[in-house]
Amino acid sequence: MSLRSIAGLVLLPILAAACTPGGPAAAGGDSFVRDTGGVLPPEQAAYDVRHYDLAMQVFPERQEIEAVLTATVEAVESLPVLLLDLDPLLEVSAVEVGGRPAAFVHERGRLRIELEPPARAGDTVVAAVHYGGAPRVAPRPPWEGGFVWSRTEDGTPWIATACQMEGADLWWPCKDHPSDKPDSFDLHFRVPDGLVVASNGRRTGIEDHGDGTHTSSWHVSTPIANYCVAFNAGPYVELRREQPSVAGGSFPFVFWALPEHRAQADQAMDEFADHLAWFERYFGPYPFRADKYGVVETPHLGMEHQTIIAYGHGFQGHKYGYDWLHHHELSHEWFANLVTCPDWSDFWIHEGFGSYTQKLYVEDLRGIEAYHSYLADVRGLIRNQKPVAPRGPRSSAWMYFADPGAAEGEKPTDNDIYYKGEWILHTLRWLIGRDLLVESMRRICYPDPALEATTDGSAVHFATTDGYQALVERLSGRDLDWFFELYLRRPELPVLRAEEREGVLRISWETPDGLPFPMPVEVEVGGVRSRIEVPAGGAEVVLPAGATWRVDPDEWILKERAG
């Protein structure tokens, strides 16, 4: 069956010959897989995903789906079994490899497809998985995800997906690991008439089936992370503009809004366009100009779905005078979608960098005092219970939740990848200066300035904490292993000790395991400020008689203070 021909399916065939004896195991029942990433199984390390094609019919009244996912992969070594992930709530009815029925086993969230004969290194394998059922309903979207089945004020179905913490295998078969993105993606969603689909990439067509349903097709021309693939449907109106780019020319900017919010959405697009222009000035051209920049109104708060940002903020204001939700999700088009962590242990590159862009924006909008105030607002939310960037593979849930094993809908979050991450960048700014910090953020997005002119997806890449450290060291000419070791690899903060004795201010750092930490501090004496180097043995400042003093008065350094 060709990739194109499956777009018009109503019901999927059940090919009993394609199943192993006894049929697919573990279909139905409670969802088993609620995590993504971690250690990559050897069977999945043996191939690279090149392309996915997803053809799905959505039944809002039954809250069910029927679909075919076609995966095109390249074997990098001998591949006797193609291992995909798919939630046990969904039942696989048939699998085809190269157009012929293939044996498979679906159990405990793993779909093992027998390749006969085994693929050899360099071979291309095309596998089509027919499946369906009632996908997991998101208990607390977007933080605990799945399908979001909602309704508008007049009762029209309003549907969305969100799956960052659990993985896209909640609703389609995939290699559920952040280290592998398809080079491109085709999507076909069949929905009842009256619903408008908003998805990733560019819409390539709408086919009316004449039976009260239609199929909306989309093509993503650049690599995309699994969790950033999104289905949204509702009675949307489509607001469209052309957004000028710093790279020259323009690209489509589209907002899919509920009809009752059309005027608010149109007004919000003015601010959102300013956000786009600001990001381009700081971090380089919008990465996905070949497709679009899209925003869709959703029945959950938000998510950085590539080229189709989920927006459920209700057009609310903010104490610093901007739409923080849109700005944050837009930041991820650079820090998550253009540059992606290959393992969730580097999740802070998405969230810490994204959060810090908001502080830079408010600094431009309201000044340096607002910048410091905004950072102070989140300082008390830092937990320091685990490293921001631990060494070794981690799952998204391990990084994001304080207790990943808590009951559904009640998992407490650990926001250090956001708040501690941005405070680390704030402290790095103090150490190397604003200009170098911003340059490092731009260069983690576009390591080679020549990539800023590209639109073919070649700029999309992975980045790690070690790689960012090397980048900052190159730009600054400093050895910063001490900085990254303490702030990113350890949970504890350095402790600043400042004591006055006999007219001398003694300043020193205390660190876990006595780690080196030669962080300079700003000292204010009698209203005059100086930058003081603090070597391993500490520093001393002679105080004029009766002078008042403060150390780090503007709180540039992430630290604890000795009592």
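The values are calculated or read from the model by the stated rules, or taken from the named source; none is laboratory data. As the structure is a prediction and not an experimental result, all values here were calculated from the model. Note that each Cβ is placed from the backbone with ideal geometry, even for glycine, and that neighbours are counted across all protein chains shown.
Data for the structure
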{"item": "Residues being under 25 Å from the mean Cα position of the chain (by Cα) and polar (S, T, N, Q) - total across the range 52-102", "result": "2"}
{"item": "Checklist (1) closer than 30 Å to GLU533 by Cβ; (2) in a loop (DSSP other than H, G, I, E, B) applied to LEU360, failing item", "result": "(2)"}
{"item": "Some residue of the range 159-172 being surrounded by fewer than 18 Cβ atoms within 10 Å (Cβ to Cβ) and not polar (S, T, N, Q)", "result": "no"}
{"item": "Number of the condition not met by VAL460 [criteria: (1) touching a residue at least 12 places away in the same chain (Cβ under 8 Å); (2) over 24 Å from HIS332 (Cβ atoms)]", "result": "(2)"}
{"item": "When residues of the range 68-79 are limited to those that are assigned to a strand (DSSP E or B) and touching a helix residue (DSSP H, G or I) at 6+ places or on another chain (Cβ under 9 Å), the one surrounded by the most Cβ atoms within 10 Å (Cβ to Cβ)", "result": "VAL68"}
{"item": "Qualifying residue in the range 112-132 (condition: under 27 Å from the mean Cα position of the chain (by Cα), farther than 17 Å from THR72 by Cβ and basic (Lys, Arg))", "result": "no"}
{"item": "Residue that is buried (at least 21 other Cβ atoms within 10 Å of the Cβ) and out of contact with any Phe, Trp or Tyr (no Cβ under 6 Å at 6 or more places or on another chain), where the choices are VAL197, VAL191, VAL220", "result": "VAL191"}
{"item": "Tabulated pairs, the range 302-321, first on the phi < 0 side of the Ramachandran plot and acidic (Asp, Glu), second crowded, with 24+ Cβ neighbours inside 10 Å and in a strand (DSSP E or B), C-beta under 7 angstrom, 6+ apart or interchain", "result": "none"}
{"item": "Count of residues meeting criterion [of a type outside the set (Val, Ile, Thr), surrounded by fewer than 21 Cβ atoms within 10 Å (Cβ to Cβ) and either closer than 20 Å to ALA160 by Cβ or touching a strand residue (DSSP E or B) at 6+ places or on another chain (Cβ under 7 Å) (or both)] in the range 223-250", "result": "10"}
{"item": "The range 152-167, residues that are more than 16 Å from VAL58 (Cβ to Cβ) and under 19 Å from the mean Cα position of the chain (by Cα)", "result": "GLN164, MET165, GLU166, GLY167"}
{"item": "Filter pass, VAL438 being assigned to a loop (DSSP other than H, G, I, E, B), of a type in the set (A, V, I, L, M, F, W, C) and in contact (Cβ under 8 Å) with a residue 24 or more places away in the chain", "result": "no"}
{"item": "Of residues in the range 452-470 being farther than 29 Å from SER250 by Cβ and not aromatic (Phe, Trp, Tyr), the one farthest from the chain's Cα centre (by Cα)", "result": "ALA470"}
{"item": "Out of GLY98, GLY109, GLY122, sole residue that is at positive phi, in contact (Cβ under 8 Å) with a residue 60 or more places away in the chain and not β-branched (Val, Ile, Thr)", "result": "GLY109"}
{"item": "Number of positions in the range 506-536 that are more than 42 Å from the chain's Cα centre (by Cα) and either of a type in the set (D, E, K, R) or surrounded by fewer than 13 Cβ atoms within 10 Å (Cβ to Cβ) (or both)", "result": "4"}
{"item": "Subset tally (residues that are in contact with a strand residue (DSSP E or B) (Cβ under 6 Å, 6 or more places away or on another chain) and buried (at least 24 other Cβ atoms within 10 Å of the Cβ)) for the range 342-382", "result": "4"}
{"item": "In the range 452-465, residue surrounded by the fewest Cβ atoms within 10 Å (Cβ to Cβ) [restricted to those that are of a type outside the set (Phe, Trp, Tyr) and under 15 Å from THR340 (Cβ atoms)]", "result": "SER458"}
{"item": "Enumeration of residues in the range 141-184 that are of a type in the set (D, E, K, R) and closer than 21 Å to LYS411 by Cα", "result": "GLU144, GLU166, ASP169"}
{"item": "Count - residues of the range 381-430 that are in a loop (DSSP other than H, G, I, E, B) and at pLDDT 95 or above", "result": "15"}
{"item": "Test result for VAL542, surrounded by 15 or more Cβ atoms within 10 Å (Cβ to Cβ) and either farther than 18 Å from HIS426 by Cα or of a type outside the set (Lys, Arg) (or both)", "result": "no"}
{"item": "Qualifying residue in the range 508-530 (condition: of a type in the set (Ser, Thr, Tyr), in a strand (DSSP E or B) and within 30 Å of ASP377 (Cβ to Cβ))", "result": "yes"}
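For every residue, the table says whether it meets (1) within 19 Å of PRO135 (Cβ to Cβ); (2) basic (Lys, Arg).
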{"position": "ASP85", "(1), (2)": "yes, no"}
{"position": "LEU90", "(1), (2)": "yes, no"}
{"position": "VAL97", "(1), (2)": "no, no"}
{"position": "ARG112", "(1), (2)": "no, yes"}
{"position": "PRO117", "(1), (2)": "no, no"}
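Listed here are the residues, each with its yes/no results for (1) surrounded by 20 or more Cβ atoms within 10 Å (Cβ to Cβ); (2) modelled with pLDDT of 95 or more; (3) touching a Pro at 6+ places or on another chain (Cβ under 8 Å).
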{"position": "HIS261", "(1), (2), (3)": "no, yes, no"}
{"position": "GLU304", "(1), (2), (3)": "yes, yes, no"}
{"position": "ALA310", "(1), (2), (3)": "yes, yes, yes"}
{"position": "LYS319", "(1), (2), (3)": "no, yes, no"}
